[in-house]
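K.L.:
I'd like to ask some things about the structure below.
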Amino acid sequence: MLTYLAVLDNFIYSTLPENFGDMDDLEILMVNGNSMYGPVPESLFSLKKLEVIRLDETLSADPPWIEVSDEGFTGSISTEIGQLKNLKWLLLHSNPLSGTVPTELGMCEKLEMVRLHRTNIYGTMPREVCMLRDKNLYDESGSRGILYADCSNNNRTNEPFLKCDCCTDCCDHTSQVCVADD
């Protein structure tokens, strides 16, 4: 029974297999810091025990990592993400993901950390996600609860990629600078 899969910073150049959903007991998935690419498998969102998804940092691989033009996870965040009731960490930053943030992300009531900056995700942060801010995504002591997005005015367009009234940290997609928004 596999519950923890961590292959971070391992020079991996690959996609995630579509049959990831077959690992019913998986709680932690960390494949960040590799040269991974392709769509996030839809089957990933059927893993009911999943607490941590770290698919981040695929665009910032430094030598000797392989750097290719198709690097990074693509597609959008599935509406099926709302099925992950145990999800605490969703780190997707530094990927060419696109689309909007699904309202179903607000169904993941245990979320403590969401990082969506340095992506091509656009639109407005759903109210359902903002409602989580007063639960686990925000703590006045600063000890936990992070919601990062590209919500600073972009240096090129003077508009944010993602409008967010509830983000704890807003980033400029172009300069990659993040600033606490509290």
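The values are calculated or read from the model by the stated rules, or taken from the named source; none is laboratory data. Predicted, not measured: the structure shown is a model, and the values here were computed from it. Here the Cβ is made from the backbone with ideal geometry for all residues, glycine too, and neighbour counts use every protein chain on show. Surface accessibility is based on the protein's heavy atoms, side chains included, excluding ligands, DNA and RNA. Shrake-Rupley method; radii C 1.70, N 1.55, O 1.52, S 1.80 Å.
K.L.:
So S69 clears everything in (1) at pLDDT below 95; (2) polar (S, T, N, Q); (3) open to solvent by 40 Å² or more (accessible area, probe 1.4 Å); (4) within 13 Å of the chain's Cα centre (by Cα) except one condition, right? Which one?
P.N.:
(4)
K.L.:
Go through region 154-179 and count every residue that is within 21 Å of L132 (Cα to Cα) and of a type in the set (V, I, T).
P.N.:
2
K.L.:
Right, I77: under 22 Å from N120 (Cα atoms), in a loop (DSSP other than H, G, I, E, B) and at pLDDT 95 or above or not?
P.N.:
Yes.
K.L.:
Taking the residues in region 124-149 that are assigned to a helix (DSSP H, G or I) and at pLDDT below 90 as candidates, determine which candidate is least open to solvent (accessible area, probe 1.4 Å).
P.N.:
L132
K.L.:
State which residue is nearest to L87 (Cα to Cα) when the search covers only region 107-123 and only residues that are open to solvent by 10 Å² or more (accessible area, probe 1.4 Å) and not in a strand (DSSP E or B).
P.N.:
Among those residues, the one meeting the criterion is K110.
K.L.:
Considering each residue of region 84-93, count those that are part of a strand (DSSP E or B) and either open to solvent by less than 50 Å² (accessible area, probe 1.4 Å) or basic (K, R) (or both), and give that number.
P.N.:
Here the count works out to 2.
K.L.:
I'm trying to understand the selection: among the residues of region 94-105, which are open to solvent by 10 Å² or more (accessible area, probe 1.4 Å) and either assigned to a helix (DSSP H, G or I) or touching a His at 6+ places or on another chain (Cβ under 9 Å) (or both)?
P.N.:
The answer is T103, E104.
K.L.:
Consider D165 against the criteria (1) modelled with pLDDT of 85 or more; (2) touching a Phe, Trp or Tyr at 6+ places or on another chain (Cβ under 9 Å); (3) part of a loop (DSSP other than H, G, I, E, B): it satisfies all of them except one. Which criterion is unmet?
P.N.:
Single failed check for D165: (2).
K.L.:
Identify, please: which residue in region 150-182 is within 21 Å of E112 (Cα to Cα) and of a type in the set (D, E) and is, among those, least open to solvent (accessible area, probe 1.4 Å)?
P.N.:
In this case the residue turns out to be D150.
Residues are listed down the side, and each one gets a yes or a no for (1) loosely packed, with under 15 Cβ neighbours inside 10 Å; (2) under 18 Å from the mean Cα position of the chain (by Cα):
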site: T3; (1), (2): yes, no
site: L8; (1), (2): yes, yes
site: E27; (1), (2): no, yes
site: N32; (1), (2): no, yes
site: S46; (1), (2): no, yes
site: I53; (1), (2): no, yes
